[in-house]
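Below is one structure, written out as structure tokens, with a few remarks after it.
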Amino acid sequence: MFGYDSFRGQQQEIVEHVTAGGDALVLMPTGGGKSLCYQIPALRRAGTGVVVSPLIALMQDQVDALRALGVRAGFVNSAQQPGERRAVEAAFLAGELDLLYLAPERLSTESTLRLLERGVISLFAIDEAHCVAQWGHDFRPDYLALSALHQRWPAVPRIALTATATKATRAEIAERLNLTGARHFVSSFDRPNIQYRIVPKNEPRRQLLDLIRTEHPGDAGIVYCLSRASVEATAEFLVRNGIGALPYHAGLDPGTRSANQARFLREDGLLMVATIAFGMGIDKPDVRFIAHLDLPRSVEGYYQETGRAGRDGLPSTAWMAYGLADVVLQRKLIDGSEGDGAHRRRLAAHLDAMLALCETVECRRSQLLGYFGEPAGTCGNCDTCLTPPKAWDGTVAAQKLLSTVWRLGHERHQKFGAGQAIDILLGRRTPKVIQHAHDALTVFGKGTELPDTQWRGVVRQLLAQGLLAVEGDYGTLVLTDASNEVLYRGRQVLLRHDPPRAAARTAKGTRPAAAAAAAGLPGEAAAVFERLRAWRAAAAKDQGVPAYVIFHDATLRQIAARSPATLAELAMVNGVGESKLARYGGPILDILRGPGGPAP
Ligand code: ADP
Ligand code: ZN
């Protein structure tokens with residue numbers, strides 16, 4: 001049915017466990033192959049597999065993809081016409097559905113529960129299970145109702161799946177979903193084909209444009225920004241520079257939002273510029289890069305977002321521009337956030353972990369995996385591995401900066417941010433320096449050994465290390481208890497040298513930009529591959545589905561490389577299942593025979 005040669009990773013174990021009626025909690029990275037873990041048991045057990053998923057906007061595509069494989073699938077959600085819903089419900093009751101996708105809020109309504117009770121359920125699959133955890137970053141109150149499934153259907157196996165969970169989140173998922181007795185399947189979270197890079201931010205949009213032009217021209221990508229305004233401005237900037245980009249954020253009307261999402265999924269080489277409102281469940285396999293123009297709030301969120309790159313296993317980039325203003329802004333957001341002290345401490349802990357990742361001189365990947373409790377060595381495919389940053393003893397610089405902040409703190413009615421402190425250290429007689437007579441301070445001009453950009457790096461890193469803090473709306477710098485250790489007790493401060501330019505792609509397994517998908521195919525096969533792609537584009541347009549629902553690039557590549565002459569040979573290609581063979585086998589063999597071959 002699926003056309004694969006073999007299981008991947010723990011798939012087989014999980015499939016056997018759930019098929020036999022066992023409960024499971026599955027942690028697998030994005031692109032690891034979670035869906036198969038409940039789809040096959042649902043096909044093999046009697047009744048319908050009920051899949052709970054928060055991804056209403058994607059249910060149609062998910063169901064289309066399954067139907068293309070010959071799986072009898074349907075969905076029920078609020079975006080649906082009543083007639084359509086009744087048809088799906090009837091099919092479910094008649095035992096004619098293998099899989100039924102439901103939005104979580106459906107399961108808190110009595111009518112849905114009664115409907116489910118009248119049919120036969122083979123299993124419950126709870127997708128994006130981290131949504132039940134408050135400690136995580138995607139909490140959805142509707143998920144809490146899912147704990148009741150077990151009481152109502154004690155004999156039906158449940159499988160919860162997520163691509164993101166620290167130990168704390170995992171424990172919370174198990175507890176809240178009543179899955180403490182379930183078997184846990186924890187795969188490696190590593191995504192070796194993604195290259196992680198974090199660069200100092202100076203002109204973020206320019207830097208992004210550079211990245212796209214030099215490494216990812218014509219590739220599909222997602223650009224994350226913090227605010228709606230910067231989403232709009234960035235999308236416009238890219239379009240002005242000749243790059244196809246669409247905005248996506250919660251402030252757009254639903255029609256525009258879903259039209260933009262559909263275009264991103266269906267067209268080749270578009271960029272989506274989005275807030276974090278976009279992306280969960282996006283299973284477009286050929287997203288080649290994820291760019292963050294603002295600092296994400298947590299490592300969990302960041303890893304989830306970057307995981308959307310390279311689901312097809314081909315080399316991809318996760319790139320972030322990060323600077324002083326990000327730290328100031330995030331701290332400010334936390335101070336101003338609603339909720340109690342415990343909530344704020346949780347946010348602060350998330351931010352600290354994110355900052356530690358940004359400022360590390362060690363391998364980014366081993367730091368990321370370490371965060372998820374997975375030990376790992378250096379990876380050779382992240383910026384710090386490729387161009388190891390140097391650490392330097394920043395104790396004296398830190399002392400100079402902190403004593404400047406201390407002196408500014410003694411002024412009665414004025415609050416000063418990083419800019420003023422740096423101007424003073426560099427001995428600049430700006431109007432503001434003169435107005436406040438700051439050129440009379442003993443620290444004035446005492447920091448000329450470092451350039452402006454490096455001083456900003458010092459401020460940023462001291463903030464990240466908690467040796468300095470910000471306060472109020474204008475990012476006023478203030479000392480912390482730890483500052484005193486540096487000022488008076490000789491605590492040493494190690495800082496990271498920001499590399500002058502982003503590390504270039506030099507790891508093995510990387511590729512020159514453009515014509516990515518065809519790369520590595522000999523001339524003849526590359527031409528066939530392009531013909532297959534053109535055929536696929538037309539077929540996808542005809543059926544109104546994304547191209548990858550018909551076949552993935554990887555499958556077309558293999559077909560082009562092997563050039564099967566018969567249906568039987570074509571069936572051996574990974575990704576060609578029975579139903580697709582029957583439907584597309586003829587046209588594909590025609591294309592392979594070439595324009596000179598027998599007429600279709
Ligand atoms: P996840 O939900 O874990 O992000 P998916 O279930 O969407 O991942 O699978 C990721 C990709 O891997 C999909 O394109 C799927 O078709 C493919 N895939 C899954 N299992 C296998 C397998 N055993 N062999 C080959 N490809 C697979
Ligand atoms: Zn590394």
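The values are calculated or read from the model by the stated rules, or taken from the named source; none is laboratory data. This structure is a prediction, so every number in the text was calculated from the model and none was measured. Positions of Cβ are backbone-derived with ideal geometry, glycine not excepted, and every protein chain shown enters the neighbour counts. Ligands, DNA and RNA are excluded from the accessible area calculation, which covers all protein heavy atoms including side chains. Shrake-Rupley method; radii C 1.70, N 1.55, O 1.52, S 1.80 Å.
Looking only at region 147-168, filter to residues that are open to solvent by less than 30 Å² (accessible area, probe 1.4 Å) and modelled with pLDDT under 85; which one of those is nearest to the chain's Cα centre (by Cα)?
Thr164
Of a type in the set (Val, Ile, Thr), over 28 Å from Leu211 (Cα atoms) and modelled with pLDDT under 85: which single residue out of Val493, Val470, Val528 fits that description?
Only one candidate passes the filter, namely Val470.
Residue check: is Val15 over 24 Å from the mean Cα position of the chain (by Cα), outside the structural domain of Arg308 (by TED's automatic domain parsing) and buried (at least 22 other Cβ atoms within 10 Å of the Cβ)?
So Val15 fails the test.
Which of the residues that make up region 288-309 are open to solvent by less than 10 Å² (accessible area, probe 1.4 Å), within 16 Å of ligand 1 (Cβ to nearest atom) and touching an Asp or Glu at 6+ places or on another chain (Cβ under 8 Å)?
The one that is open to solvent by less than 10 Å² (accessible area, probe 1.4 Å), within 16 Å of ligand 1 (Cβ to nearest atom) and touching an Asp or Glu at 6+ places or on another chain (Cβ under 8 Å): Ile290.
Only one of Asp190, Asp268, Asp210 is open to solvent by 40 Å² or more (accessible area, probe 1.4 Å) and either among the small types (Gly, Ala, Ser) or within 16 Å of ligand 1 (Cβ to nearest atom) (or both). Can you tell me which?
After applying the criteria, what remains is Asp190.
If I ask for residues that are assigned to a helix (DSSP H, G or I), surrounded by fewer than 17 Cβ atoms within 10 Å (Cβ to Cβ) and either in contact with a His (Cβ under 6 Å, 6 or more places away or on another chain) or touching a residue at least 40 places away in the same chain (Cβ under 8 Å) (or both), which ones from region 45-75 would you list?
Residue satisfying the conditions is Asp64 alone.
Counting only residues that are of a type in the set (Ser, Thr, Tyr) and more than 19 Å from the chain's Cα centre (by Cα), give me the helices (runs of 4 or more DSSP H) lying completely in region 274-386 with at least 3 of them.
none
Taking region 421-452 only, how many residues are open to solvent by less than 10 Å² (accessible area, probe 1.4 Å), in a helix (DSSP H, G or I) and not β-branched (Val, Ile, Thr)?
3
For (1) at pLDDT below 90; (2) small (Gly, Ala, Ser); (3) away from ligand 1 (no atom under 15 Å from the Cβ); (4) out of contact with any Leu (no Cβ under 6 Å at 6 or more places or on another chain), each residue gets a yes or a no:
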position: Ile14; (1), (2), (3), (4): no, no, no, yes
position: Met28; (1), (2), (3), (4): no, no, no, yes
position: Leu69; (1), (2), (3), (4): no, no, no, yes
position: Ala79; (1), (2), (3), (4): yes, yes, yes, yes
position: Leu93; (1), (2), (3), (4): no, no, yes, yes
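Just checking, which of Gln414, Gln461 is open to solvent by less than 50 Å² (accessible area, probe 1.4 Å) and at pLDDT below 90?
Gln461
Only one of these conditions is not met by Glu569: (1) without any contact (Cβ under 8 Å) to a residue 12 or more places away in the chain; (2) open to solvent by 60 Å² or more (accessible area, probe 1.4 Å); (3) under 22 Å from Leu265 (Cα atoms). Which number is it?
(3) is the only condition that Glu569 fails.
Would you point out the residue of region 369-411, among those that are at pLDDT 90 or above and aromatic (Phe, Trp, Tyr), that is nearest to Arg456 (Cα to Cα)?
So the residue we want is Trp392.
Anything in region 169-187 that is open to solvent by less than 60 Å² (accessible area, probe 1.4 Å) and among the polar types (S, T, N, Q)? List them, or say none.
Thr169, Ser187
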